[in-house]
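J.: I have a structure here, written as structure tokens, and I will follow up with some questions on it.
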Amino acid sequence: MKKLVRECEHRLKSAASRQVSLPNIGSLLCSFVSNVEQKKRKGMNGPLDRAFQNEAIEQCDVEVARMFYTGGLSFRLARNSHYRNSYLRASTLPGYVPPGYNALRTTLLQQKNRHIEGCLQPIKSTWSTKGVSVCSDGRFKEVTEGLEQMVISPNWSLYKEDDVGKARAVKEKILDEYFWDEIDYILSFTASIYEMIRMADTDKPSLHLVYEWWDTIIEKVKTAIYRKEHKQLHEQSNFFDVVYHIIVERWTKSSTPFHCLAHSLNLKLYSPKWLQEDPSHVAPCQDAEITRERKKCLNKYFLDDRARRDINV
């Protein structure tokens, strides 16, 4: 058994990663590094001193490159402004040692998270009252114009180096007016869905409004799609049928009888004013689906028949 353990330890040591030597750039580098303070006092203006400095720069470049290769880092990191700034700042701090594994994944990460949270707090503090918004209307136009300015700027050539074909396709798509018309069309019939999510994702009571919101969503989505297809509301639309099926499927999956019970207790839905606004408006007590789901909810929460009869009365 001991022999087997020794063999395993030997194999593990043999398989362990070994330090690969850097390209040999001269044995005089060590003497240069050891006497660098003396050189600073006298100045580094001679040919030999400049040669040593060039060799030191080359050695540092190789070390940085090896960090990329052995760490599997993307070459795009070299374009990151923080990459260059970190080295410039470190060069002004003699004896500086970069943060280690634990500091990067704990202390520094937590510090950065707290900073970002502090920056986002003014916006997040409004979510409880305003909800979360989506990019639409004027902001959608600003995004479009911003992307168009980006692809026609001279800096766009920096992004083409990795894949010229993809960069060309992205530029053509961004500058294509028909592409943005399609995006605008998609936003036109999904805006009502996001609007409902925004209204529901607040601290205000909204359970009694959810069922009505879903009906409103279907009407708005249908109007947007039929307007795009230049059709009357009574005509057939294959695309709307697909979207309608997705909306209904989502409602069936997420809704509960409690939504229908809360909807039936909304007094506004029994008022003559609301009932006369649209011929399709029906009081909850006369809606077969609402009545059926409300009974399911009452049967679940009130097991006694007499209690259920008293509630219904």
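All of the numbers you see were taken from the coordinates with simple rules; none came from a lab. Treat the numbers as computed from the prediction; the structure is a model and nothing was measured. Heads up, the Cβs are rebuilt from the backbone with ideal geometry, glycines too, and the neighbour counts pull from every protein chain shown.
J.: Work through the residues other than S192 whose Cβ is under 12 Å from its Cβ and net out their charges, Lys, Arg +1 and Asp, Glu -1. Mind showing how you got there, number by number?
T.: Numbers: positive: R198, K220, K222; negative: E195, D215, E219.
That sum, taken over residues with Cβ under 12 Å, equals 0.
J.: For a distance above 21 Å, tell me the whole-number percent of Cα pairs in region 155-294 that qualify. Provide the component values of the computation, followed by the final result.
T.: Values: 5749 of 9730 pairs.
Result for the distance tail: 59 percent.
J.: Same structure again: Only loop residues by DSSP count here, and only those with at most 14 other Cβ atoms within 10 Å; note down the trypsin sites (Lys or Arg not before Pro) in region 229-311 that meet that.
T.: On the way: sites: K231, R250, K253, K268, K273, R292, R294, K295, K296, K300, R306, R308, R309; in loops: K231.
Of the trypsin sites (Lys or Arg not before Pro), the ones in loops of region 229-311 whose Cβ has at most 14 other Cβ atoms within 10 Å are K231.
J.: Here is a further query. So if I take the alpha carbon set of region 177-234, get Rg, then get Rh from the Kirkwood formula, what is the Rg over Rh ratio?
T.: Working: Rg = 13.8 Å, Rh = 12.7 Å.
Checking Rg against Rh, the ratio lands at 1.09.
J.: Moving on to the next point. So how far apart, in nm, are the two label points at A56 and H234 if each is 7 Å from Cα heading toward Cβ?
T.: 8.9
J.: Hey, rough spin-label estimate for H245 and R89, points 7 angstrom out along Cα→Cβ, what's it come to in nanometres?
T.: Taking the simple label geometry, H245 and R89 are separated by 5.6 nm.
J.: Would you please classify the overall shape of region 225-313 from the alpha carbon gyration tensor, given that a ≥ b ≥ c denote the square roots of the eigenvalues, rounded means a/c under 1.5, and beyond that prolate means a/b larger than b/c while oblate covers the rest? Mind showing how you got there, number by number?
T.: Numbers: a/c = 3.85, a/b = 1.79, b/c = 2.14.
It is oblate, given that a/c is not under 1.5 and a/b is not larger than b/c.
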